[in-house]
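The values are calculated or read from the model by the stated rules, or taken from the named source; none is laboratory data. The model shown is predicted, which means the values in this text are computed figures rather than measured ones. Backbone-built Cβ (ideal geometry, glycine too); neighbour counts: all protein chains shown. With ligands, DNA and RNA removed, areas are computed over all heavy atoms of the protein, side chains included. Shrake-Rupley method; radii C 1.70, N 1.55, O 1.52, S 1.80 Å.
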Amino acid sequence: MHMTYAQKKSKAPMKKKTEVVSQPQKAVVYQVFTRLFGNKNTTNKPWGTIEENGVGKFNDFTDTALQEIKKLGVTHIWYTGVPHHDVIRDYTKYGISNDDPDVVKGRAGSPYAVKDYYNVNPDLAVNPAKRLEEFEALVARTHKNGLKVIIDIVPNHIARNYHSLSNPKGVRDFGADDNTSVEYDRNNNFYYIPGKAFEVPTSDSYKPLNGEKNPLIDGKFTEFPAKWTGNGSRQAKPDINDWYETVKVNYGIKPDGSKDFPELPAGYDKKSYKEHYAFWQGKDVPSSWKKFRDIALYWTAKGIDGFRYDMAEMVPYEFWSYMNSAIKMKNPDAFLIAEVYNPKEYRNYINLGKMDYLYDKVETYDHLKAVIQGKTTPDGLADIQRGTADIEHHMLHFLDNHDEQRLASPEFAGSPEKGKPMMVYSATVGTAPTMIYFGQEVGEAGTIDGGFGKPSRTSIFDYVGVPNHQRWMNGGKFDGGQLTPKEKDLRDFYKRLLNFTIHSDALMGQFQEIQTLNRKETANYDPGLYSYVRWSANEKLIIVTNFSWVTTSNFELKVPADIIAKWNLKDGLYDVQDQLYGSKAQLKVNDGKGTIHLSVKPSESLLFKL
């Protein structure tokens, strides 16, 4: 996080101005699938209803639950799946229309098919009529417990049947003013297929609600003319693998890919969000830009501290400049995370789109996954760090989220313990935030077949339980009372690691890999080892992690002369202590070069502080 400055203000005269400076701090984001967090039901019937399988509520995030999350070493909670999305459940008595299973994935529905951006999922409320108030109470409760709140915004696509019951005065629904006789118009919110009706995709291997009888299941959904589908399909009948439950939003990109809006002048990659905001004042921009800006500002006004933007790279970075600068003018500390998977576009979305953080998925995450699966060595991590050195603060690290295979699953690491060195690296290699997904800290392996959602991910489409997490939840006590000893040890590891990271000065300072030197010159330096140093004026760290889960390594780690010089160390012995479990060793400096004799167990990491 960047340093922020605040000044105490008072009506009383002051002798001199007092500046209160909050120090930079490593951020830790706890992603939680809101619908699943508080569910105590363990039935897990595939395609089960709420009555059969249960569902969590906003109210399940009690003060106790939030305090335990904070004690884990968390600074921000991303409440995933909050905006009102399609669900297969009758809420007509609350004025909510039923959603058609022909264009809904699963029974509980995809959180990325948003039906009403100005309200929240009725499943999550004890009283659906008061669902927004219950969420507002959760936001206040989260803040009271010292945590910041992040929610999703999904700007690339919305539910096929979008209809807001909660539009503020003067706000018109998406598409309400569109000219549907043309494929494209700059101020249309959607793209159209004139003269053709939408057709529900078909498949021999899939039936809505698994073939269950439902008055709305008839293989039809009325939409004329048909709209482009969320992933960009221009077919009136999308493929079953398309995002057919959603429609693509038009941001002024013509069907030929050209831009139909003002572009940022040269040099704006170096300008501040305030200058970006000033640029857009008075500019004529597409209707969809204004609609999503207003949605973001609506939630910002309700105290939301940041957003996670789904599939951000499918939307032009000029729009992000427009919206993010408007958000930052209201909340300069807004925490903005974007899902971007094309490394060639990273700098555009950071410098021009004014994103704070992007997923470090296709480089760091993918390489770590290949390492732990025995497909490569960790050496390539050094090249990744060098390649993103100018933007490393913006590259959010994670090993688990709702889109990916669970870290502990057989398809990924194979066990949660094997994930430990990956977690240490992710959390300590840079100044960027760390993200973990609820249940990761207790080894959740995603083995449940929810119906639409299959292992090895925790389903985001079904009403299911999350077994390891439920053992930690312990019937609402949130004390880990049902965890196995191994699961307790794992959570303790995460707690030690994350709490260290959010208080470490060095982790917001300098980085240098010492892997290359040790691989070349150190005897018995196992290919599964990886080493680097982190330092600031106040703290010096030497970090070694062992990706091997079978080999204990005994060797003399070399700390190069340039590091010894930068740290102003003279010849002699220096005590170092591991910041996770307290083991001690000695750094020996001789002729300006350092060595430490180490024994590193399988999957062990050592965070030595000088």
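List of remarks:
- Computed lengthening from Tyr341 to Phe224, 0.36 nm per intervening residue step minus Cα-Cα distance: 38.8 nm
- For segment 485-544, the Kirkwood hydrodynamic radius comes to 13.4 Å, computed from all pairs of different C-alpha atoms.
- Gly451 long-range amide H proximity, modeled H, under 5 Å: Trp47
- Given R0 = 51 Å, the distance between the Cβ atoms of Ala176 and Asp269 translates into a calculated FRET efficiency of 0.90.
- Charge dipole (debye, nearest 20) of segment 182-292; +1 at Cβ of Lys and Arg, -1 at Cβ of Asp and Glu: 380
- The residues packed around Lys148, meaning those with a beta-carbon under 9 Å from its beta-carbon, carry a net charge of -2 if Lys and Arg are +1 and Asp and Glu are -1.
- Positive-end residue, segment 229-295 charge dipole about Cα centroid, Cβ charges, pick of Val249, Ser233, Tyr268: Tyr268
- Net charge dipole, the chain: roughly 1920 debye, given to the nearest 20, about the Cα centre with Cβ charges of +1 for Lys and Arg and -1 for Asp and Glu.
- CD proxy at 222 nm, helix term only [per DSSP H run n ≥ 4: -39500 (n - 2.57); per residue of the chain; nearest 500]: -6000 deg cm²/dmol
- Among Tyr192, Ala537, Thr364 the positive-end extreme of the charge dipole of the chain (Cβ point charges): Ala537
- Rounded tilt (10° steps) of 131-144 against the dominant C-alpha axis of the chain: 20
- Val55 sits among other residues whose Cβ lies under 11 Å from its own Cβ, and their net charge, with Lys and Arg +1 and Asp and Glu -1, is 0.
- Degrees separating the helix 317-330 axis from the principal Cα axis of the chain, which is the longest one: 80
- Segment 408-525 - percent of accessible surface contributed by carbon and sulfur, probe 1.4 Å: 48
- Gain in span if fully extended, Ala561 to Gln482, counting 0.36 nm per residue against the direct Cα distance: 23.4 nm
- Per-pair calculated FRET efficiency, R0 = 51 Å: Gln67 and Ala197 via Cβ, rounded to 0.05: 0.45
- Convex hull of segment 105-197 built on C-alpha atoms - directionally averaged projected area, nm²: 8.4
- Beta bridges assigned by DSSP with both partners in segment 10-163 are antiparallel in approximately 25 percent of cases.
- In percent, rounded to a whole number, the relative contact order of the chain is 14, using alpha-carbon pairs under 8 Å and six or more apart.
- A crude spin-label estimate for the pair Thr43 and Lys144, with each label 7 Å from Cα along the Cβ direction, gives 3.3 nm.
- Whole-angstrom gap from segment 339-367 to segment 555-592, using each part's C-alpha centre: 35
- Accessible-area ranking of Glu318, Glu199, largest first, probe 1.4 Å: Glu199, Glu318
- In the chain, a dipole from Cβ-located charges (positive for Lys and Arg, negative for Asp and Glu) runs towards its positive end, and of Phe461, Phe37, His402 it is Phe37 whose Cα lies farthest in that direction.
- On the beta carbon distance between Ser599 and Leu573, with R0 = 22 Å, the FRET formula returns roughly 0.75.
- Cβ-placed point charges (K, R +1; D, E -1), dipole of segment 454-610 about Cα centre in debye, nearest 20: 300
- For the pair Asp366 and Gln586 in one chain, pulling the backbone fully straight at 0.36 nm per residue adds 75.8 nm over the alpha carbon distance.
- Extending 7 Å from the Cα toward the beta-carbon at both Lys454 and Tyr298 defines two label points whose distance is 3.7 nm.
- Paramagnetic reach from Val126 in segment 38-82 [backbone N under 19 Å; point 7 Å along Cα→Cβ]: 38-41, 51, 54-67
- DSSP-defined beta bridges in the chain - what % are antiparallel, rounded to 5: 65
- From the alpha carbon centroid of segment 217-282 to that of segment 431-455 is 30 Å.
- Probe 1.4 Å, accessible area per residue of the chain, Å²: 40
- From phi via Karplus (6.51, -1.76, 1.60), per-residue ³J(HN,Hα) for segment 73-79 in Hz, x at Gly/Pro: x, 9, 10, 9, 10, 9, 7
- Residues whose amide H lies under 5 Å from that of Thr246, counting only those 5 or more places away or on a different chain, are Arg160, Gly230; hydrogens are built 1.01 Å from N in the peptide plane.
- Cut-off 15 Å, label 7 Å out along Cα→Cβ of Arg234, residues of segment 255-271 by amide N: 255-259
- C-alpha long axis of helix 485-503 to longest principal axis of the chain, angle in °: 80
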